[in-house]
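Asker: Structure incoming, see below.
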Amino acid sequence: MLIQESLSVQEKLEILSDAAKYDVACTSSGVDRKGKAGTIGNASKAGICHSFSADGRCISLLKILFTNQCIYDCKYCINRSSNDVVRTAFTPEEVCQLTIQFYRRNYIEGLFLSSGVLTSADYTMDLIYQTLKKLRQEYHFHGYIHVKAIPGADPLLIEKTGFLADRMSINLELPTAEGLKKLAPGKNRDKILKPMKQIQNGIVTNRFELMEYKKAPAFVPAGQSTQMIVGATPENDYQMMMVAEALYKNYDLKRVFYSAFVPVNQDSSLPALPGGPPLLREHRLYQADWLMRFYGFQAEELLSEDRPNFNVLLDPKCDWALRHLEQFPVEVNRADYFTLLRVPGMGVKSVKRIITARRSGILDFEALKKMGVVLKRAHYFITCSGRMMYPVKIEEDYISRHLVGEERRSVWDISSSNTYRQLSLFDDTSLSTQVNSGGIVV
Amino acid sequence: MKTIYLCDSSIEGVLSGVYTAWASRKGHDNVKLRLKDDGATMELFSQYEEVPVDSLKADKVITAIRNKISEEAYEVVYKAALSNDMERADKIYRFLIYGFPVGAGVVSMLQNQAVYDMFQMCRFVDNETHLLTGFVRFTEMEGDLLVGRIGPKNDVIVLLAPHFADRLSGENWVLYDVNRKKAVLHPAYRHWYLTDFLPSDWEDKIVKTSVEDEYEDLFKRFRKSISIKERTNPICQLNHMPLRYRPYMPEFSQGLRDI
């Protein structure tokens, strides 16, 4: 392993942010904290994006590794110990300076600190703890901090770090124990789930403390999250969703992130992905994840053993609705909140607007449009005062034919973002809509 | 004959217009509010009347909104007055006509066109404010001063100021709206204030601490190395960060696009 001691901060930042980029979580949400005199920073509940990188992902936190030296040899990871890359490490001082100076200029919302495992899990966790302590206590940083818990580290260290951070996360990486064994020989599932449980218990205990003493220090106030790699092992979507659901239920996770596998290493046990990373699959998983967290869906309603993967041509909600046409159409002026939430084309915001607006008068389709309902999807499934918008057959084939036509373009955009499209005069159902919007065919 | 009241574009100006139009007792259908500088053509068969800014009248309207409709409705009116919609004066007037008899529930009655117009303006103002809380960039100047420049479509600087005052309470900073030539000044550990009396050459008088800010360069490098090449997606980036924000950001000083 080549360890460089004499790199400049520029070079270190380039190496250690490049090594951190496969971690998806860059959210700064989940906690509202006012500024305090004598400190720098605050946190806002919704989270704030400060910039967007060329891949369209938001840059909210200064996402870096403390070091990219690692004792583990996980096959999917760019920092695996057998890889021949330049290795380096920040000092706690450098991390603090970068965070504060970026923060003052409003480049970032806070710090995301992860790390390769240097020497041992405890040693690395302690380095992270010392850095956070310096940042919070010497530099009086009051903004957002997201930190990784190192699997296998001493519970006491994890607890102490948790009182300094806003969000902690431990990456599950692969949904099943077999997958983990195959690709990450140094880790095991137990090592990952144990600290996860510890943080969950810490948050619950802390909640009671906060109820009694308002001044009690907050433990991981923005909750914990995790990440799973999509497409590195042969698990299907159903298994992924069941794991995610279990994590939400049993571990109170705030978020599960899905990361389309990008092959950075050549290894016989990794899949070759000639079509690029499985972005559409990742997109469908996120759509389903939202359905579970905000729309009251269960994983088993969306997928089953017999149909273990998501429909490529339809989003999970439309797909579900088409298989349950007996529940439709619903009457917008009378249906309750959760029934409306299950209508394709309606979201949390628009349903809330509908519920408050209909108290003061009957809604028609024109009004629904104002509330933000996507009528081109919703109109197959709703009635206003007993009437549908157009004469529509409530029939699976008929509706899915129409919905698929609209979805096809966006599917194409996601699954083949880097290639050029051959212009064709035939079998291109979405051509007319493209020409209408500005006369340019993409 | 229709009477058209021309009011000043500030919130006091608009609300003075509302008061005058209402108090004229000509009937709501026979009056209309327009901004003095909206640049629209004049209408035939109508008489024009200019309304001077009168903070007393504006205050009366504000008190009436807060007492007879709700605090939330006042917030809606205030934000709408900051929007860049050229017909905002008349839209606010129509909203109030509908709002006074209905009361507090009016803000959620989106099925009504007058309410919907207000909702749209507020949404635009709120969205732009939220984006700018992230997209504002401060540059370090000599004498411990941070200067941020923005060019927003709506007049959101007063909505941004509390956020940064809370966040950077210990810093001297200036937030300057290039389009409206006004600025929020924040002396360290003190309250912020808004001013539009700036000498025209104020920007030349303050100097950057160094020609090449080290951290500006570091951030550019960070942005580049954090992006995953296999996932490059400029359209997605454009949707989240429209081009109009980019001229004010140092990371785009070499060009508005990454690729």
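Asker: Please compute the modelled spin-label separation between residue A:138 and residue B:2, points set 7 Å along Cα→Cβ, answer in nm with one decimal.
Answerer: 6.9 nm
Asker: Only four residue types carry charge here, +1 at the Cβ of Lys and Arg and -1 at the Cβ of Asp and Glu. Report the dipole size of the stretch A:2-260 about the Cα centre in Debye, rounded to the nearest 20. Don't skip to the end; give the middle numbers.
Answerer: Working: 32 positive and 27 negative charges, 139 e Å.
That gives the stretch A:2-260 a dipole magnitude of about 660 debye.
Asker: Are any of the pairs A:194/A:214; A:36/B:182; A:148/B:208; A:36/B:36 more than 32 Å apart by Cα-Cα distance, and if so, which? Before the final figure, lay out the partial values.
Answerer: Details: A:194/A:214 29 Å; A:36/B:182 28 Å; A:148/B:208 37 Å; A:36/B:36 43 Å.
In this structure, A:148/B:208; A:36/B:36 exceed 32 Å between Cα atoms.
Asker: How large is the Rg to Rh ratio of the stretch B:2-127 when both quantities use alpha carbon positions and Rh follows Kirkwood? Before the final figure, lay out the partial values.
Answerer: On the way: Rg = 13.6 Å, Rh = 14.4 Å.
We get a ratio of 0.94 for the stretch B:2-127.
Asker: Using DSSP, restrict attention to beta bridges with both residues in the stretch A:2-260 and report what percent are antiparallel, rounded to the nearest 5.
Answerer: Working: 4 of 28 bridges.
That works out to approximately 15 percent antiparallel.
Asker: Just checking the output field for A:353-360: average partner chain Cβ neighbours within 10 Å of each residue's Cβ? Kindly include the intermediate steps, with their values, before the conclusion.
Answerer: Values: counts 4, 2, 1, 5, 7, 3, 3, 9.
Mean shielding count: 4.
Asker: Given the options B:191, B:206, B:55, identify the residue whose Cα lies farthest towards the positive end of the charge dipole of chain B (+1 on Cβ of Lys, Arg; -1 on Cβ of Asp, Glu).
Answerer: B:55
Asker: Just flag the chymotrypsin sites (Phe, Trp or Tyr not before Pro) in the stretch B:13-67 sitting in loop per DSSP whose Cβ has no more than 11 other Cβ atoms within 10 Å. Could the numbers behind the result be given before it?
Answerer: Working: sites: B:19, B:22, B:45, B:48; in loops: B:45.
Counting only loop positions with at most 11 other Cβ atoms within 10 Å, the chymotrypsin sites (Phe, Trp or Tyr not before Pro) in the stretch B:13-67 are B:45.
Asker: So what's the convex hull volume per residue for the Cα atoms of the stretch A:139-217, in Å³?
Answerer: On the way: hull volume 8.7 nm³, N = 79.
Normalising the Cα hull of the stretch A:139-217 by residue number yields 110 Å³.
Asker: With a cut-off of 11 Å, note down the residues of the stretch A:98-141 whose backbone N falls inside the zone around a label point 7 Å from the Cα of residue B:214 toward its beta carbon.
Answerer: Zone members listed by number: A:98.
Asker: Now for a different question. Restricting to DSSP H runs of at least four residues, report the calculated mean residue ellipticity at 222 nm for chain A, -39500 (n - 2.57) per run over all residues, nearest 500 deg cm²/dmol.
Answerer: On the way: 16 runs with 170 residues, N = 442.
So the calculated ellipticity at 222 nm is -11500 deg cm²/dmol.
Asker: A further question on this structure: So what are the three principal axis dimensions of the stretch A:367-411 from its Cα atoms, in whole Å, longest to shortest?
Answerer: Result for the stretch A:367-411: principal-axis Cα extents of 32, 24, 11 Å.
Asker: Now a separate question. Rounded to the nearest 500 deg cm²/dmol, what is the calculated helix-only ellipticity per residue at 222 nm for chain B, with -39500 (n - 2.57) per DSSP H run of length n ≥ 4? Intermediate values should be presented prior to the final figure.
Answerer: Working: 9 runs with 108 residues, N = 259.
Computed ellipticity for chain B at 222 nm equals -13000 deg cm²/dmol.
Asker: Shifting gears a bit: Suppose we keep just the DSSP beta bridges with both residues in the protein assembly as shown; what percent of those would be antiparallel, to 5? Don't skip to the end; give the middle numbers.
Answerer: Values: 18 of 60 bridges.
Roughly 30 percent of the beta bridges in the protein assembly as shown run antiparallel, per DSSP.
Asker: I want the local charge near residue A:82. Using Cβ-Cβ distances under 13 Å, sum +1 for each Lys or Arg and -1 for each Asp or Glu among the other residues. Spell out each step's value before the answer.
Answerer: On the way: positive: A:75, A:80, A:87; negative: A:73, A:84, A:267.
Taking every Cβ under 13 Å from that of residue A:82, the sum is 0.
Asker: First check a/c for the stretch B:98-248, with a ≥ b ≥ c the square roots of the eigenvalues of its C-alpha gyration tensor; if it is under 1.5, answer rounded, and if not, answer prolate when a/b is larger than b/c or oblate otherwise.
Answerer: Working: a/c = 2.49, a/b = 1.35, b/c = 1.84.
Because a/c hits 1.5 or more and a/b fails to exceed b/c, the stretch B:98-248 counts as oblate.
Asker: Semi-axes, largest first, in whole Å: what does sqrt of 5 times each Cα gyration tensor eigenvalue give for chain A?
Answerer: Working: eigenvalues 348, 147, 93 Å².
Whole-Å semi-axes of the equivalent ellipsoid: 42, 27, 22.
Asker: Still on this model: So for chain B, taking the charge dipole from beta-carbon charges (+1 Lys/Arg, -1 Asp/Glu), which of B:113, B:146, B:42 sits furthest toward the positive end?
Answerer: Working it through, the farthest residue towards the positive pole turns out to be B:113.
Asker: Output needed for the stretch A:81-212: three equivalent-ellipsoid semi-axes, defined as square roots of 5 times the C-alpha gyration tensor eigenvalues, in descending order, whole Å. Intermediate results must be reported in sequence, preceding the final value.
Answerer: Numbers: eigenvalues 133, 94, 32 Å².
Ellipsoid semi-axes (Å, largest first): 26, 22, 13.
Asker: Counting pairwise Cα distances across the stretch A:206-299, what percent come out greater than 22 angstrom? Write down the numbers at each step before the final one.
Answerer: Numbers: 1903 of 4371 pairs.
Summing the P(r) tail past 22 Å for the stretch A:206-299 gives 44 percent.
Asker: What is the dipole size for the stretch B:136-209, taken about its Cα centre, with +1 at each Lys and Arg Cβ and -1 at each Asp and Glu Cβ, in debye to the nearest 20? Don't jump to the answer; show the numbers that get you there.
Answerer: Values: 10 positive and 11 negative charges, 49 e Å.
Approximately 240 debye in magnitude.
Asker: So what is the diffusion coefficient of chain B in µm² per second by Stokes-Einstein at 10 °C and 1.306 mPa s, using a Kirkwood Rh over Cα pairs?
Answerer: Working: Rh = 20.9 Å.
It comes out at roughly 76 µm²/s.
Asker: Still on this model: At 0.890 mPa s and 25 °C, plugging the Kirkwood radius over alpha-carbon pairs of the stretch B:136-209 into Stokes-Einstein gives what diffusion coefficient in µm²/s? It would help to have the intermediate numbers written out before the result.
Answerer: On the way: Rh = 12.4 Å.
Estimated diffusion coefficient is 197 µm²/s.
Asker: Let me ask you something else. With every atom except the alpha carbons ignored, what do you get for Rg and Dmax of the stretch A:249-370, in angstroms?
Answerer: 18.5, 64
Asker: On average, how much area does the Cα convex hull of the stretch A:2-260 cover when viewed from any direction, in nm²?
Answerer: Details: hull surface 54.7 nm².
That works out to 13.7 nm², a quarter of the Cα hull's surface.
Asker: Additional query: Hey, got the dipole for chain A? About the Cα centre, +1 on K and R Cβ, -1 on D and E Cβ, debye to the nearest 20?
Answerer: That gives chain A a dipole magnitude of about 1500 debye.
Asker: With 11 Å as the cut-off, how large is the P(r) tail for the stretch B:214-259, expressed as percent of Cα-Cα pairs?
Answerer: Details: 733 of 1035 pairs.
So the pairs more than 11 Å apart make up 71 percent of the total in the stretch B:214-259.
Asker: Counting just the Cα atoms, what span does the stretch A:311-417 cover along each of its three principal axes? Round to the nearest Å and put the largest first.
Answerer: So the three principal-axis extents are 46, 28, 22 Å.
Asker: Of A:90, A:139, A:40, which is farthest on the positive side of the dipole of the protein assembly as shown, counting Cα position, with +1 on Lys and Arg Cβ, -1 on Asp and Glu Cβ, and the Cα centre as origin?
Answerer: Of A:90, A:139, A:40, it is A:40.
Asker: Another question about this same structure. Quick one: among A:325, A:111, A:341, which has the greatest mean-square fluctuation in a GNM of chain A with alpha-carbon springs under 10 angstrom?
Answerer: A:325
Asker: In chain B, which helices (entire DSSP H runs) extend 20 Å or more along their own long axis, judged by Cα positions, while averaging at least 1.6 on the Kyte-Doolittle scale?
Answerer: Membrane-span-like by this rule: not one helix.
Asker: What do the square roots of 5 times the Cα gyration tensor eigenvalues come to for the stretch B:38-105, in whole Å, largest first, as semi-axes of the equivalent ellipsoid?
Answerer: Working: eigenvalues 118, 38, 32 Å².
After diagonalising the Cα gyration tensor, the semi-axes are 24, 14, 13 Å.
Read the figures in this text as sums done on the coordinates, not as results from a lab. Here the structure is a predicted model, which is why all the values come from computation and not from measurement. When we count neighbours, we look across all protein chains shown, and the Cβ atoms used for this are built from the backbone with ideal geometry, even at glycine.
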